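The values are calculated or read from the model by the stated rules, or taken from the named source; none is laboratory data. Given the structure is predicted, the values throughout are model-derived calculations rather than measurements. So basically every Cβ, Gly included, is an ideal-geometry build from the backbone, and we count neighbours across all protein chains shown. Side chains are part of the model used for accessible areas, which takes the heavy atoms of the whole protein and leaves out ligands, DNA and RNA. Shrake-Rupley method; radii C 1.70, N 1.55, O 1.52, S 1.80 Å.
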Amino acid sequence: HETMLIAGKQGVWQFVRSTGRMEPLALPQEMQRKDNIYGTFIDTDRTLWVFSIIDECICRYSVGGKIIKEMLRLPSEGTDESKNNAIRDMMDDGQGNVWIATDHKGIFIYHKPTGEITHIEGARSKGQGASIPSQSLSSNNVISLAKDRQGTVWAGHFKTGISYWGASSRMF
């Protein structure tokens, strides 16, 4: 089934094929702010995720076609307690993990089967999890994530280059 989503200021809109109209996607109350900016991400299981560019809010909107509106909040751990943190990008690694890039707090890895969250910072890594990176990032400011054909995860930083993690090296 085909769906078109448009995310931006003040909401996420979906194209309804049967009516030919754009309609607002119902978001959880925690995410509804007049000044919010949203992003969307669809993982390998075809689950829709809606995230806030302003807050550290993520809604796992649907699983297997069932609307669940499950909220996910990033842990507030680490040395940088910036109130201006933002989610910049999300990526599915194909191994049951969703990688979440943030503006000031590095990377969070959400393990979908267990709900466990691992945090990777520029200075050190926190949390536990199988095959999760053990070395630090070059910066906590991560603006983009990508995975290449060999399974290497690349993290793009603002002004400090690129960090990468490969399954063979198991470190950044």
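What to note about this one:
- Subset of the range 3-12 that is β-branched (Val, Ile, Thr) and not in a loop (DSSP other than H, G, I, E, B) - its residue that is least open to solvent (accessible area, probe 1.4 Å): 12
- For the range 46-59, a residue qualifies if it is open to solvent by 30 Å² or more (accessible area, probe 1.4 Å) and either β-branched (Val, Ile, Thr) or at pLDDT 80 or above (or both), and the qualifying residues are 46, 53, 54.
- Among the criteria (1) within 26 Å of residue 160 (Cβ to Cβ); (2) modelled with pLDDT under 85; (3) open to solvent by less than 70 Å² (accessible area, probe 1.4 Å), the one residue 83 does not fulfil is (3).
- Qualifying residue in the range 24-38 (condition: over 28 Å from residue 94 (Cβ atoms), over 16 Å from the mean Cα position of the chain (by Cα), surrounded by fewer than 17 Cβ atoms within 10 Å (Cβ to Cβ) and hydrophobic (A, V, I, L, M, F, W, C)): yes
- Candidates in the range 13-23 are the residues that are part of a strand (DSSP E or B) and not hydrophobic (A, V, I, L, M, F, W, C); of these, the one that is farthest from the chain's Cα centre (by Cα) is 21.
Condition check ((1) surrounded by fewer than 19 Cβ atoms within 10 Å (Cβ to Cβ); (2) modelled with pLDDT under 80; (3) among the hydroxyl-bearing types (Ser, Thr, Tyr); (4) under 10 Å from the mean Cα position of the chain (by Cα)) across all residues:
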| position | (1), (2), (3), (4) |
| --- | --- |
| 64 | yes, yes, no, no |
| 76 | yes, yes, yes, no |
| 87 | no, no, no, yes |
| 96 | yes, no, no, no |
